[in-house]
């Protein structure tokens, strides 16, 4: 009996030590942009179903990664499926929450009548992209000479460089790029010339919270079944 009581006390102690009431993720895109609007809404509901308050912060992409990998924040709002491979394991403390949140299309934008079908067709052009997108960085490094790759702080800065004829092409997320072009009349001559590929987006969480990953995965999958996930997607396409 004494052993049973001690075991129960030990289990209770472990469970209470793992109780989480609040969690904060960061991301490298403004929170009112396309990807964060969806991932925040999905994660907020998924954590709420597990009794956890969810908060989100915007930080420049590389700083966001450093903060979440160090455990200063609790995770990343939106990264690609094979982020660990793309980043060469540089952020080992981040674990993927194994339920896809979003699919996005990486697209090429230009003011010129350029014909491309694949990443390889970018060869010879000067290309700008929003820094911190590790997947795009790796692809461009394999296709272009270093002097033809321009990293910018924001998508808007990249599009401004396009208007100034300092670059030939901007690589951005298709939906977010189109929304930015619609919002600012100055970009009326810029158009999407090709959706190059599709990317699957997942959230990542610091390993100190690894025991709650299965619960969050179940909640997201339940949201996909009960219609709340689709409702979030539809609301953010407007």
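The values are calculated or read from the model by the stated rules, or taken from the named source; none is laboratory data. In this text, all values refer to a predicted model and were calculated from it rather than measured experimentally. Note that each Cβ is placed from the backbone with ideal geometry, even for glycine, and that neighbours are counted across all protein chains shown.
Determine whether residue 187 is in contact with a helix residue (DSSP H, G or I) (Cβ under 8 Å, 6 or more places away or on another chain) and outside the structural domain of residue 48 (by TED's automatic domain parsing). Spell out the reasoning first.
Numbers: in contact with a helix residue (DSSP H, G or I) (Cβ under 8 Å, 6 or more places away or on another chain): yes; outside the structural domain of residue 48 (by TED's automatic domain parsing): yes.
Judged against the criteria, residue 187 is a match.
Checking the condition at pLDDT below 95, assigned by TED's automatic domain parsing to the domain that holds residue 227 and either surrounded by 19 or more Cβ atoms within 10 Å (Cβ to Cβ) or more than 28 Å from residue 210 (Cβ to Cβ) (or both), which residue from 75, 89, 28 passes? I'd like the intermediate steps shown before the answer.
Working: 75 fails: at pLDDT below 95; 89 fails: either surrounded by 19 or more Cβ atoms within 10 Å (Cβ to Cβ) or more than 28 Å from residue 210 (Cβ to Cβ) (or both).
That would be 28, the only listed residue that is at pLDDT below 95, assigned by TED's automatic domain parsing to the domain that holds residue 227 and either surrounded by 19 or more Cβ atoms within 10 Å (Cβ to Cβ) or more than 28 Å from residue 210 (Cβ to Cβ) (or both).
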Unmet requirement for residue 158, which otherwise passes all of (1) surrounded by 14 or more Cβ atoms within 10 Å (Cβ to Cβ); (2) touching a helix residue (DSSP H, G or I) at 6+ places or on another chain (Cβ under 8 Å):
(2)
Which of the following residues is in the same structural domain as residue 81 (by TED's automatic domain parsing), surrounded by 14 or more Cβ atoms within 10 Å (Cβ to Cβ) and either under 21 Å from residue 91 (Cβ atoms) or modelled with pLDDT of 95 or more (or both): 213, 171, 150, 139?
213
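State whether the residues of region 96-104 include one that is at pLDDT 95 or above, under 17 Å from the mean Cα position of the chain (by Cα), in a strand (DSSP E or B) and within 30 Å of residue 214 (Cα to Cα). Don't jump to the end; show me each part of the working.
Initial filter on region 96-104 (at pLDDT 95 or above): 96-101.
Restricting the remaining residues to those that are under 17 Å from the mean Cα position of the chain (by Cα) gives 96-101.
Of the ones still in play, those that are also in a strand (DSSP E or B) are 96.
Checking the rest, the ones that are also within 30 Å of residue 214 (Cα to Cα) come to 96.
Taking every residue of region 96-104 in turn, at least one turns out to be at pLDDT 95 or above, under 17 Å from the mean Cα position of the chain (by Cα), in a strand (DSSP E or B) and within 30 Å of residue 214 (Cα to Cα).
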Are any residues in region 176-204 surrounded by 16 or more Cβ atoms within 10 Å (Cβ to Cβ) and touching a strand residue (DSSP E or B) at 6+ places or on another chain (Cβ under 7 Å), and if so, which ones?
177, 178, 190, 192, 193, 194, 196, 199, 201, 202, 203, 204
Residue 19 fails exactly one of (1) at pLDDT below 90; (2) part of a helix (DSSP H, G or I); (3) out of contact with any strand residue (DSSP E or B) (no Cβ under 6 Å at 6 or more places or on another chain), namely (2)
With respect to the numbered conditions (1) under 25 Å from residue 174 (Cα atoms); (2) modelled with pLDDT of 95 or more; (3) crowded, with 19+ Cβ neighbours inside 10 Å, which one is the sole condition not fulfilled by residue 83?
(2)
